[in-house]
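Visitor: The structure follows.
The values are calculated or read from the model by the stated rules, or taken from the named source; none is laboratory data. Worth saying up front: this structure is predicted, and the values here are computed from it rather than measured. Cβ atoms come from the backbone with ideal geometry, glycine included; neighbour counts cover every protein chain shown. Protein only, heavy atoms only, side chains kept; ligands, DNA and RNA dropped before computing areas. Shrake-Rupley method; radii C 1.70, N 1.55, O 1.52, S 1.80 Å.
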Amino acid sequence: MATQSPVKPPVTPVKLPEGDGGDSVVLERRTQKVKPPQMYQVVMLNDDYTPMEFVVVVIQEFFSKDLESATQIMLKIHLEGRGVCGVYSKDVAATKVDQVLDAAHRAGHPLQCVSEPIEL
Ligand code: TYC
């Protein structure tokens, strides 16, 4: 993922109190108070039993990937043990995990999937 450059605080004109005639203006840097929300990656885990085709369909369906990207992600999981299927807000990531686990359970496959906060 691309690293974010630090946000420069906005420059706010501040009027000085009376004493110098009252018409002086200084520019004050204030630290930005609003942080971007913590994002979560949905990570799928490898196992020895879930069919590759099922994993590809799940990735296409719940993570809006085309066949080629879904196949690449599935192969990465198969070879490396885990792989990121998408990055979302906390609630959306939790919903994706639920959807995957539910689909896997219904189909009788042991496919596992977790959501993890992304380090900054
Ligand atoms: N390792 C599985 C197999 O060989 C395929 C697989 C890929 C399973 C990715 C889970 O998240 C997974 N059938």
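Visitor: What full-extension length gain, to one decimal in nm, is calculated for Lys76 and Ala107 as 0.36 nm per residue of separation minus the Cα-Cα distance? Spell out each step's value before the answer.
Guide: Values: separation 31, 0.36 × 31 = 11.16 nm, distance 2.23 nm.
Separation in residues times 0.36 nm, less the Cα-Cα distance, equals 8.9 nm.
Visitor: Could I ask something else about it? For the range 39-117, what % of the accessible area comes from carbon and sulfur atoms, probe 1.4 Å? List each step's numbers first, then the result.
Guide: Working: 2460 of 4620 Å².
With neighbouring chains kept in place, the figure for the range 39-117 is 53 percent.
Visitor: While we're looking at this one, here's another question. Just add up the charged neighbours of Lys90: K/R +1, D/E -1, any other residue whose Cβ is under 12 Å from the Cβ of Lys90.
Guide: Numbers: positive: Lys96; negative: Asp91, Glu116.
Taking every Cβ under 12 Å from that of Lys90, the sum is -1.
Visitor: Moving on. If I take R0 = 35 Å and measure r between the Cβ atoms of Glu116 and Phe54 in this structure, what FRET efficiency does the formula 1/(1 + (r/R0)^6) give, to the nearest 0.05? Please list the in-between numbers first.
Guide: Working: r = 23 Å, r/R0 = 0.65.
With R0 = 35 Å, the Cβ-Cβ based efficiency is 0.95.
Visitor: Over its Cα atoms, what ratio of radius of gyration to 2.2 N^0.38 Å does the range 39-117 give? Walk me through the numbers on the way to the answer.
Guide: Values: Rg = 11.2 Å, N = 79, 2.2 N^0.38 = 11.6 Å.
The reported ratio for this selection is 0.97.
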